[in-house]
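The values are calculated or read from the model by the stated rules, or taken from the named source; none is laboratory data. Note that the structure is predicted; figures quoted are calculated from it, not measured. No Cβ is skipped: glycine too gets one built from the backbone with ideal geometry, and neighbour counts run over all protein chains shown. Heads up: the accessible areas ignore ligands, DNA and RNA and are worked out on the full protein's heavy atoms, side chains in. Shrake-Rupley method; radii C 1.70, N 1.55, O 1.52, S 1.80 Å.
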Amino acid sequence: MKLLLLLLVSGLCSAQYNSNFRSDRTTMVHLFEWRWADIAAECERYLGPNGFAGIQVSPPNENLIITSPNRPWWERYQPISYKLCSRSGNEQQFRDMVTRCNNVGVYIYVDAIINHMCGAAGGSGTRSTCGSSYNTGSKDFPGVPYSYLDFNDGKCRTGSGNIENYSDAYQVRDCRLVSLLDLALEKDYVRGKIADYLNNLISIGVAGFRLDAAKHMWPGDIKAIISRLNNLNTKWFPSGARPLIFQEVIDLGGEAISSSEYFGNGRVTEFKYGAKLGNLIRKWNGEKISYMRNWGEGWGFMPNDRALVFVDNHDNQRGHGAGGASILTFFDARLYKMGVGFMLAHPYGLARVMSSYRWTRNIVNGQDSNDWIGPPANSDGSTKAVTINADSTCGNGWVCEHRWRQIKNMVIFRNTVNGQGLVNWWDNGGHQVAFGRGNRGFIVFNNEGYNMDVTLNTGLPAGTYCDVISGQKEGTRCTGIQISVASNGSARFTISSSAEDPFVAIHVNAKL
């Protein structure tokens, strides 16, 4: 009986790492601050047809409306209740989005804010996205409901009530993160309210959750909450499928809390990945991309089956979170495409692509004073629609990196080579590298200051291939560079150091 119970528990736990992606898809995209109606349309017109597996969406729950500064992006991280209304849309629009995306095999992963409610200085009133009342002074949130009994104030050991020392694990988990009212997650009532919220989303059809600020919650409290979660909706998922859990734990080393403490609950965000990748591609501190031969666990990253990887996210592209100035973003488009290309070609981790909106940076003493700016908005504060230009790029201030040809085609590359090992590594000892994925794909990078002209063993079947970076296969022709693979699997690659994109990628589904 004990053995049976152990097997049931371990099976339940292990399932939290499964992406729930369709078997022919591999990559999720974070459509940061998009409206639900725009996401539904994007699933049908672009994400589904191009093989994207899933979408991380911004928090769907009711939040505090903040007008000073004017509607910052981070107001979404200040919950008032678990009702489904935000500036992305109402509950019906959310349900419609989930249904339409699921129907084309693109699954929804919700950014879940369960560590805290809004900030202690939020005051009182009904200035919230659903109009629910709240009082931060008395810690009263009737929309849930939560009262003063449901917060951690009595446990926090600092005079301010906020985290003052990140070397103290108790402070990090029991005190307020930047004054946000910290929920007492050890209480059964609080756990039940959070589980009810997440189970409502599961019933609608979501496939999993990003747990925001997981580092600020005890791993045991997270485990207790996810143990209450239902299986996924069988309209779209197999019977017994469990929600994917991926936890935001910033761990660059040197602090009291380690990401490994959270492996028992699900996947964890590997922040070292983007920070190290940025250094390598920027050539900072003497780093060379040839050093990436053992990229992944060989670099001290977490185990492959526990890692969610990304080049940048909504925090660190603004200088928050982790990685600092090394983080590659759309502002450095040429280097950024190389970084994302490497991530999507390499087998390590579960990959997430970022999709952003533009803002005007104002760097003062190394910090962006405009890091708060919210999504493109109309005069009444409502979020602007994502418009699509004739060339497939986005308008209205939306960047849409996932629509950049190079990134979209590398998502398809990753799908094509899924399950294939890394083979035929080559490097010049400096800033040129190449590698294959079994006999299905091959990629070459030239990050040197001089031109590249090499003949390499690709491991691919003989034939003519379309480079999916400079163009792609359309019908019976290539819109970009053609690469000829000889009968012995070798091919010549010439890449100019001044090319718009100094890398080439070919795969078996781009063969003429």
Might you tell me the accessible area per residue for the chain, computed with a 1.4 Å probe and given in Å²? 37 Å²
DSSP bridge orientation in the stretch 90-219 - percent antiparallel, rounded to nearest 5: 60 percent
On full extension of the chain, what length is gained from GLN367 through SER160, given 0.36 nm per residue of separation minus the C-alpha to C-alpha distance? 72.0 nm
Could you state the per residue volume, in Å³, of the convex hull enclosing the Cα atoms of the stretch 69-114? 87 Å³
What are the aspartates and glutamates whose alpha-carbon lies under 13 Å from the alpha-carbon of LYS155, with same-chain residues fewer than 8 places away excluded? ASP174, ASP182, GLU186
Please give the calculated 222 nm ellipticity per residue for the chain, where each DSSP H segment of at least 4 residues contributes -39500 (n - 2.57) and the sum is spread over every residue; nearest 500 deg cm²/dmol? -6000 deg cm²/dmol
Could you pull out the trypsin sites (Lys or Arg not before Pro) across the stretch 147-245 that fall in loop regions by DSSP (anything but H, G, I, E, B) with no more than 12 other Cβ atoms inside 10 Å? ARG157, LYS235
What percentages, rounded to whole numbers, describe P(r) for the stretch 113-212 computed over all alpha carbon pairs with 10 Å bin width beginning at zero? 15, 43, 34, 9, 0
Semi-axes of the chain's equivalent ellipsoid from the Cα gyration tensor, sqrt of 5 times each eigenvalue, largest first, rounded to whole Å? 40, 24, 23
I need to check one value: relative contact order of the chain, counting alpha carbon pairs closer than 8 Å and at least 6 residues apart, in percent. 12 percent
Using only Cα atoms and rounding to the nearest 10 degrees, what angle (0 to 90) does helix 188-204 make with the longest principal axis of the chain? 50 degrees
Round to a whole number: what % of the accessible area of the chain belongs to carbon and sulfur, probe 1.4 Å? 48 percent
Checking the cross-link filter: which lysines have an alpha carbon closer than 28 Å to that of LYS283, excluding same-chain neighbours under 8 positions apart? LYS272, LYS337, LYS408
Taking Cα atoms, how many degrees apart are the long axis of helix 333-345 and the longest axis of the chain, rounded to 10 and kept between 0 and 90? 90 degrees
Kirkwood Rh over alpha-carbon pairs of the stretch 150-193, then Stokes-Einstein at 10 °C and 1.306 mPa s: what D in µm² s⁻¹, rounded to an integer? 151 µm²/s
Take every Cα-Cα distance within the stretch 294-362, group them into 10 Å bins from 0 onward, and report for each bin the whole-number percent of pairs it holds. 19, 50, 26, 5
Kirkwood hydrodynamic radius for the stretch 449-512: how many Å is it when counted over pairs of different Cα atoms? 11.9 Å
What net charge do the residues around SER128 carry, taking every other residue with its C-beta under 14 Å from that of SER128, with Lys and Arg at +1 and Asp and Glu at -1? +2
So what's the angle, to the nearest 10 degrees on a 0 to 90 scale, between helix 271-282 and the longest Cα principal axis of the chain? 40 degrees
To check my understanding: the extent here is largest minus smallest coordinate of the Cα atoms along each principal axis. What are those three numbers for the stretch 342-489, in Å, largest first? 63, 41, 31
How about the stretch 442-512: which GluC sites (Glu not before Pro) there lie in a loop by DSSP and see at most 14 other Cβ atoms within 10 Å? GLU500
May I ask what percent, to the nearest 5, of DSSP beta bridges between residues of the chain are antiparallel? 60 percent
